[in-house]
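Everything below concerns the one structure shown next.
The values are calculated or read from the model by the stated rules, or taken from the named source; none is laboratory data. If you're wondering where the values come from, they're calculated on a predicted model, not measured in any experiment. Cβ: placed from backbone, ideal geometry, glycine included. Neighbour counts: every protein chain shown.
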Amino acid sequence: MIKKITDIFKEKEKTFSFEYFPPKTQKGVDNLYETAAELNRLSPDFVSVTYGAGGSSRGATMDICTEIQKRFDLSVLHHFTCVGHSLEELKEIIHQMNENNIQNILALRGDPPKGVDSWEPAPDELQYCYQLIDLIKDSDKDFFSIGVAGFPEGHINCPDKETDTRYLKMKIDHGGEFVVTQLFFDNAVYAEYLERLNNAGVNVRVLPGILPITSYEGLIKFCNICGTNITPEVHDIFRPIRDDEEATREAGIEFAVRQCRDLLERGAPGLHFFTLNKVEPAREIWKRLGL
């Protein structure tokens, strides 16, 4: 049954969910639906679908969200950015979401299109995430459940954590109802983040984002882009086995299971897994956690 994620929160103390990204080819899309079918056997509470930089995957994200909801009767969180869209385009996309019964949105400012080093909004574009939230709420304040992104280590473009916290609170004050975090590998950082948000008066669910490690080189490249710190422990575990795919996979599963267990023991309100559109290792981690 398709539900707003905030309604799912009322029913469940903890939620468990998966994230997918829109493939660039039809074969990739077909494979994604096969992955979603396999992972749906685990009964996730919802799944999310990302949105390309500059709105580059606009149509694909909408189509995939709609199809997953139809095929699996499962609530989908539609990532949605304002960068690269005019105000009228944003209004039309919101209307399409409503028409397709997509009730859950992760509101984001978003990244500029690839190759654009500095971005300034056109006169008919929005600049900030809170403005997008306002637009969604003005469209239909009762239909949508709105989540926002959180950055336990601070957003890569923020000068400090305090500024990042103020921006997060602004998004919540304008109508954000829950937070999904960027990946991290030190759970103490997540605990400190919750304390910082609580001190700022932010009291919504903060779902930790979990990335299972499957490639040391790929991890370094990705974390350099998003600004996530790779802890000495991660380097010590994965650097020596960087050329052993199977050993890296198993170590990645073990690390994720330890991280997830600790987060749940600390009181995390659930887990959100970045699957990279693959069944494994997300399924194996899920099974070992007993979810």
In the stretch 245-291, which residues are assigned to a helix (DSSP H, G or I), touching a residue at least 40 places away in the same chain (Cβ under 8 Å), in contact with a helix residue (DSSP H, G or I) (Cβ under 7 Å, 6 or more places away or on another chain) and not acidic (D, E)?
I253, F255, A256, Q259, C260, L263, A282, R283, I285
Matching residues in the stretch 25-52 - criterion: being in a loop (DSSP other than H, G, I, E, B), in contact (Cβ under 8 Å) with a residue 24 or more places away in the chain and among the charged types (D, E, K, R)
D45
Total residues in the stretch 157-167, condition β-branched (V, I, T) and surrounded by 17 or more Cβ atoms within 10 Å (Cβ to Cβ)
1
Over the stretch 94-120, the set of residues on the phi < 0 side of the Ramachandran plot and modelled with pLDDT under 95 is R109, D111, P112, P113, K114, V116, D117, S118, W119, E120
Determine, yes or no, whether I213 is out of contact with any Ser or Thr (no Cβ under 6 Å at 6 or more places or on another chain) and surrounded by 18 or more Cβ atoms within 10 Å (Cβ to Cβ).
yes
Kindly indicate whether any position in the stretch 196-209 is in a loop (DSSP other than H, G, I, E, B) and more than 25 Å from A268 (Cα to Cα).
no
For the stretch 121-156, the count of residues that are basic (K, R) and either modelled with pLDDT under 90 or crowded, with 20+ Cβ neighbours inside 10 Å (or both) equals 1
Residue pairs meeting the criteria (Cβ under 7 Å; at least 6 apart or on separate chains; first within 15 Å of F21 (Cβ to Cβ), in the stretch 60-88; second of a type in the set (D, E, K, R)):
T81/R109
